[in-house]
Amino acid sequence: MSRPTTRNKNKRQRPEDAVDSSSQILRKIHDANDVTDDDINQLFMITKPVCQGCRVNTRDNPNCFCGLIPPVNGSRKSGLWQKTADIIQSFGPDPSLDGRASDSTPAGLTNLGATCYANSILQCLYMNTAFREGVFSVEFDVLKQYPVLDQLARLFAQLHSSKMAFVDSAAFVKTLELDNGVQQDSHEFLTLLLSLLERCLRHSGVSKSRTIVQDLFRGSVSHVTTCSKCGRDSEASSQVDDFYELELNVKGFKNLDESLNDYLSLEELNGDNQYFCGCCNARVDATRCIKLRTLPPVLTFQLKRCVFLPKTTAKKKITSSFSFPEVLDMGQRLSDSSKKELIYDLSAVLIHKGSAVNSGHYIAHIKDEKTGKWWEFDDEQVSDLGQRPFKEGSSTQHLEKNGVAGSGSTMDMTQLGSSECSSTIQSEVFSSSDAYMLMYSLRCAKQENQKGHTEIPADLATREVETVNQLGSAYLPSHLYEEINNMNASYLESCKQFDMRKERELNSLTERRQETRMILSEAPVQSLEDQFFWITTDWLRQWADNITPPALDNTPILCSHGKVLPSKVNSMKRISALAWAKLTSKYKGGPEIGKGDYCRDCLIDGARMVVFADSYRDRRTFMKGIVSDVLSGKCEDGKYFISRVWLQQWVKRKNLDAPTEADAGPTNAIRCQHGQLMPEQASGAKRILVPENLWSFLLEDAIKVKPDDTSGCSCFPLDSVQCCHCSEELSEVACLEDSLRTLKIKQRQNHEKLALGKGIQLTPGSRYFVLPSRWLVEWRSYVNMSGKNSSSVPEPDFLNKVMDTLKCKKHARLQERLPEIVCRRGSFFQKSPATDKLTIVPEHDWRCFCEEWGGILEHGISAVLEVGDCAENPFLSQDITAREKQLSSSDDNNETSAQQLLLKTSPEICEECIGEKESCELMEKLSYSEGDVFICLVHGKEAPKAMLEASDSSFEAMKRTSKRSRRTNYGNLINLKVSASTSVYQLKMMIWESLGVVKENQILHKGTRVIDQESATLADMNIFPGDRLWVKDSEIHEPRDIADELCDKKMEVEDLEEGFRGTLLTADISSEAS
């Protein structure tokens, strides 16, 4: 059986075909002056078949409902058919996703910006059961007296019993007055926090709480100094100092055992560092060491990964791998080794991620004392690590099966505890390149804590049992218990409300989708005899796309008589009576437009307009042929003037059914302001003669477009006279232009060399005059500009006014430096007339300038050139009356080293005013706010000659403003935006960012001078906009990331070496108590 052909089943009709068909029907209606049912069916396309399977909705078929909704299982980017997951996302965050996975899963802490250091330490303290119980045991009155204790207890209670997966730490951080945006050192935070808690807890009446910090974290050491001569210890050696953590060196050591050996090692005191022994009464050699007296239940090791680099004056993080055991025996480390063995288990590892010292990110790996499971605390995220502190592949780890990692070599089969729990201990050793702090818990203390009975606080024991909530081994006071219950109830209620809203919205969405599909399936009209209604396509699209559609509105498809128009057939659809009833019953609106609601009057008018458009189109086509003959000069019977430009634009336009706005005003461009024919010499007044029949057609269109504008289309027959007023004005302007042109030619002849910008040869003994170079440039541009653009160049100022600016008001002397004179091939010339502020001109030119530009001959500044011998010249000492210039010649055959050139002026130059003026200019130059300096990275051994010459604020590269590095013959060249207050350090950082040369390796030069004072500003180093600097890479220091330098510098600027100064951690506790 052959496959049916469906290629042309739903093929669309071309728009031009539909227009031609409608035009034929309308012509038929015009000829018959009557409308039949068949005409209506064809004009409104009622007979077209119901469309099936189109990808998009067909505009030229009112029976097509395809593409209004997506196919089954389809979706759209927005609206009713948006993906369900996207719609749910628009409801906002789902609070149930923030719930804790299970009661045994710890909760995280929110990062408020840069508070990861605090979150890690707080998690380490909370996961310590003894410390948590001590905080919960503090009396209510003491909590209210010290807000830091109150907020810590609330935070711990939420971490313990909250239903949420993470807890907001903002209240606790705000109480400590910490800056959320500043990264701090976690070790320093722990030290200061324990000190603050210790001061607050001393006011508690519960013994367990009062000394919980000291009992858990405090140990003691002695600094013992022993005389090598008499063998006695110093008096200070008997003193015992407390410690809360041991700071161990990491650099140069591979594991914890080596670092502990280094910490407790003997230090030799000899040479200049000898010790004064009281017994020997002399300076003698001695040894010094640290001895551990007592160890706390929680032993904290601070790994010193931050080192100072003297060469770069910067801090660097040591990222070498460091090993530490899971089980640590500290019994042999004590000075009194007779005590029982001290076995510690690894309980927490604080990790610092990142290569920079003052940035990066802190996380904590902590062991649950109850289950023995390890957890990773990364702010809000808490991950299960299993039975080891590191996941497989995240750190190097190996297993020592022969015993416990102790103070020296591996010990054999150590038995710990009583006879009931005797066992062989196996210790894993872990390695990490980011471990920053290690916490070990004493095994005996932990076992006693698990077996022993927890004492209920005295103030809680006297209350009713209902006021105390026991959770595991921790007791929550009643106020915390009630607060946590309320928080959990509020959270569960928000989850319930979200789920209810989600279910309600999704049910409503499903109902709307089902309704849309059902009505669209019922919308097609099955036969011509069935009743149907018209509806706008735009509203139908809104109804099918939007979750909440507007009221039904059919007014856009109505004519002025309230009926439907066939011209709107592309904007409406034909739906069944059943579909119309369902839509109107639910969405109201209207009006109702049924089967026979077409407008007969509008159809008759439309038919008449089609016939008129056919006639107009034919006439316009005929007139275009005449216009072509007119523009080509083939038409000789022209009788009326119109604008040539307007006619050229008219013939280019397409044939339309009726005239448009562009057909108005064929004579507007040739009519002057007096309403008469404008002279053809005027700008834009070019005209052309057209025959009478073409003029009548154009005039008729112009009047139809603007019937109320009586002056919009003036008539200018062949015998029209040009406007006399406009002709006189054009004549006057032409005369002025001719006289100005003659004047400029005469001035160019009088000053031939100056007009061409050629150098003036100077003769010793002759009299010359000096002019401002700026005025001379303006004059040259003025006299050399001719043609249409001559009016765009302004006239230069009068000479008398300009010459007054060259003389100081105080002494009436010259206040500008004289230009330099050079000798070239035996002749004297001004060295740099293009850049000098003054230009030397002959006396003849000066006299002509005075006549031409209103100068006073006697007010000029004359100059005389004299050449004499150095020894015999009587003017050499007259520094104020003349400026001496050493002759320089580019010709090797001319030797002028024995002569001096003197340029004497009248009036004389004023050194005093020149000095003041130059000082002001220098101060203005030094205070620039923005400019470009150009940096070249020189790769060779020596810089090119062009770079060794100091720049003078003019450089060709200023023409290019791109900041991208570009290649030159001798290296990379860039331009940088700077100001006078930019420091040399900041400039070097810009160079580092652009060229990749680290700051320490940059050897920066301006000419032959080295720029090495990083604290100085560019103004201090006389670096100005346009200067060329060059830099070499010494390659002494290793390349590093610029982000490290920026971060370290930011910390220095913010004075972060002061750490937590200004916070509650360093404040007086008496001021904190309320």
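Assorted remarks:
- Verdict on Asn111 being at pLDDT 85 or above, open to solvent by 20 Å² or more (accessible area, probe 1.4 Å), over 21 Å from Met500 (Cα atoms) and part of a loop (DSSP other than H, G, I, E, B): yes
- Only helices (runs of 4 or more DSSP H) whose full extent lies in segment 685-760 are considered here, and the ones with at least 3 residues that are surrounded by 14 or more Cβ atoms within 10 Å (Cβ to Cβ) are 692-705, 724-750.
- Of the numbered criteria (1) modelled with pLDDT of 90 or more; (2) open to solvent by less than 30 Å² (accessible area, probe 1.4 Å), the one Thr225 fails is (1).
To keep it simple, each residue is scored yes or no on (1) buried (at least 18 other Cβ atoms within 10 Å of the Cβ); (2) within 50 Å of the chain's Cα centre (by Cα); (3) among the acidic types (Asp, Glu).
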residue: Ser766; (1), (2), (3): no, no, no
residue: Pro772; (1), (2), (3): yes, yes, no
residue: Val793; (1), (2), (3): no, yes, no
residue: Lys801; (1), (2), (3): no, no, no
residue: Ala812; (1), (2), (3): no, no, no
residue: Glu816; (1), (2), (3): yes, yes, yes
residue: Cys823; (1), (2), (3): yes, no, no
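- Residue that is farthest from the chain's Cα centre (by Cα) [pool: residues in segment 58-80 that are of a type outside the set (Lys, Arg), over 15 Å from Ser521 (Cβ atoms) and surrounded by fewer than 18 Cβ atoms within 10 Å (Cβ to Cβ)]: Asp60
- Within segment 665-681, none of the residues are open to solvent by less than 40 Å² (accessible area, probe 1.4 Å), part of a loop (DSSP other than H, G, I, E, B), within 28 Å of Gly606 (Cβ to Cβ) and in contact (Cβ under 8 Å) with a residue 12 or more places away in the chain.
- Out of Leu295, Leu303, Leu248, Leu269, one residue alone is open to solvent by less than 50 Å² (accessible area, probe 1.4 Å) and in contact with a Gly (Cβ under 9 Å, 6 or more places away or on another chain). It is Leu295.
- Any hit, segment 622-633, residues being part of a loop (DSSP other than H, G, I, E, B) and touching a helix residue (DSSP H, G or I) at 6+ places or on another chain (Cβ under 8 Å): no
- Matching strands (runs of 3 or more DSSP E) fully within segment 946-1048 where at least 3 residues are touching a helix residue (DSSP H, G or I) at 6+ places or on another chain (Cβ under 8 Å) and at pLDDT 85 or above: 971-978, 1002-1006, 1028-1033
- Enumeration of residues in segment 360-383 that are touching a Lys or Arg at 6+ places or on another chain (Cβ under 7 Å), assigned to a strand (DSSP E or B) and open to solvent by 20 Å² or more (accessible area, probe 1.4 Å): His361
- Answer residue from segment 606-653, given it is at pLDDT 80 or above, of a type in the set (D, E, K, R) and under 60 Å from the mean Cα position of the chain (by Cα) and is surrounded by the fewest Cβ atoms within 10 Å (Cβ to Cβ) among those: Lys652
- Scanning segment 272-292 for residues that are surrounded by 16 or more Cβ atoms within 10 Å (Cβ to Cβ) and polar (S, T, N, Q) turns up just one, Thr287.
- Pick from segment 86-104, criterion assigned to a loop (DSSP other than H, G, I, E, B) and surrounded by 14 or more Cβ atoms within 10 Å (Cβ to Cβ), ranking: farthest from the chain's Cα centre (by Cα): Arg100
- Segment 228-245: number of residues that are open to solvent by less than 60 Å² (accessible area, probe 1.4 Å), under 17 Å from Leu292 (Cα atoms), outside any strand (DSSP E or B) and not small (Gly, Ala, Ser): 2
- Pick from segment 189-214, criterion part of a helix (DSSP H, G or I) and touching a Lys or Arg at 6+ places or on another chain (Cβ under 8 Å), ranking: surrounded by the fewest Cβ atoms within 10 Å (Cβ to Cβ): Arg210
The values are calculated or read from the model by the stated rules, or taken from the named source; none is laboratory data. Here the structure is a predicted model, which is why all the values come from computation and not from measurement. Every residue, glycine as well, gets a Cβ built from its backbone with ideal geometry; the counts of neighbours run over all protein chains shown. In case anyone asks, the SASA skips ligands and DNA or RNA and just uses the protein heavy atoms, side chains included. Shrake-Rupley method; radii C 1.70, N 1.55, O 1.52, S 1.80 Å.
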